[in-house]
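Take a look at the structure set out below.
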Amino acid sequence: ASYYIRMRSIGFTITGCLFGAPTSGSPCRAIACGGDQAGVQAQSSNIVIKGNFIDCGGVGESAIHLENTNYLVSDNIIIDPGDYGVQTDSTFLGYTKITNNLFRETDQTAIGVNTSSGSFIDIRGNTFIGFDDAIRVTAQASATRDSLTIVGNVISGHGNAGIEVDASGASSTLDGMVIDGNRVDGGGRGIRVQINGAGAAIDRLKIGQAN
């Protein structure tokens, strides 16, 4: 893949940028933090991605790809990514808040959380228009996900699931989830929580109504 911004950094802010779809070359990730193509973990932490406009034109990979720890992704407009709008990778450990973003117009997934143990993810106050899945959370094999919060999001025009949580990895555990105050209005399913992995479990789950 090609990148507009690809970095390994501690304490960095990306704000006020305009990213357009590539006109030629390989599929693009607009912003990629941590890791590299060989799969080597590289520490990136305390990163703020705020107030950017990203129009992927349906090309290629995730608009924002996050690895390692501690991110704030807020107040961005993300249009038509080729894959995920925001994706957290399986090497991700730590706290990330994804809030007050606008996701529009794609047949892909807006936010994909696909991580190992010990992650604290807060997804709140985002608006999703016209995605396949708005929010998809998957637990890796033998992982224990702690403290997942999906609160106060507005989802419309989705084709598949508004919010989907899946303990799909063998012996994985989803523990301490709150799904509350989300408004889902579209052509697909609203909220789906399922166990697909052998020996997987879901503990301490709260699902509330939309405000």
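Using a probe of 1.4 Å on the protein chains alone, the accessible area found for Tyr95 is around 100 Å². Residue order by solvent-accessible surface for Leu18, Leu102, Leu148 is Leu18, Leu102, Leu148, largest first, with ligands and nucleic acids left out and a 1.4 Å probe. Taking a ≥ b ≥ c as the square roots of the eigenvalues of the alpha-carbon gyration tensor, the stretch 151-211 is classed oblate because a/c is 1.5 or more while a/b is no larger than b/c. If R0 is 35 Å, the Cβ-Cβ spacing of Arg189 and Phe53 corresponds to a FRET efficiency of close to 0.70.
Overall, the stretch 151-211 carries a charge dipole of about 100 debye about its Cα centre when +1 sits on the Cβ of Lys and Arg and -1 on the Cβ of Asp and Glu, all other atoms neutral.
Between Glu105 and Leu18, the modelled labels are 1.6 nm apart [label points 7 Å from Cα along Cα→Cβ]. For the residues Glu164, Glu61, Glu105, a 1.4 Å probe over the protein chains yields an accessible-area ranking, largest first, of Glu105, Glu61, Glu164.
The values are calculated or read from the model by the stated rules, or taken from the named source; none is laboratory data. Predicted model only: the values in this text are computed from it and were never measured. Neighbour counts run over all protein chains shown; Cβ positions are idealised from the backbone, glycine included. Ligands, DNA and RNA are stripped out before the accessible areas are found, and what is left, the full protein with its side chains, is counted by its heavy atoms. Shrake-Rupley method; radii C 1.70, N 1.55, O 1.52, S 1.80 Å.
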